[in-house]
Amino acid sequence: MYGITQKREAQGSITVEAAIIVPIILLCIFWLTQQGIDLYEDTVIIVEKQEMWDEFEPAAKFRNLELLEND
């Protein structure tokens, strides 16, 4: 009978620890997921800005203006 009582105490202890640790682990997982989503959104914004600069070619515009002045 002593072995059963000791086993129940161990199960109760594990349950209390799990009740504290599992929410903390879930919180960390959700926080890391949110950070990953935020970084992805920042990357999309940076890529959009870079595409805008790829379309804008100041050197080509300058060459066109110089060619017009030379004619």
(message) Need the failing condition index for L26 against (1) modelled with pLDDT under 95; (2) surrounded by 10 or more Cβ atoms within 10 Å (Cβ to Cβ), just the number.
(response) (1)
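Against the definition (of a type in the set (K, R), in a helix (DSSP H, G or I) and modelled with pLDDT of 65 or more), how does K49 come out, yes or no?
Yes: the conditions hold for K49.
The values are calculated or read from the model by the stated rules, or taken from the named source; none is laboratory data. All values reported here derive from a predicted model rather than from experimental measurement. Here Cβ is always computed from backbone atoms with ideal geometry, including for glycine, and neighbour counts include all displayed protein chains.
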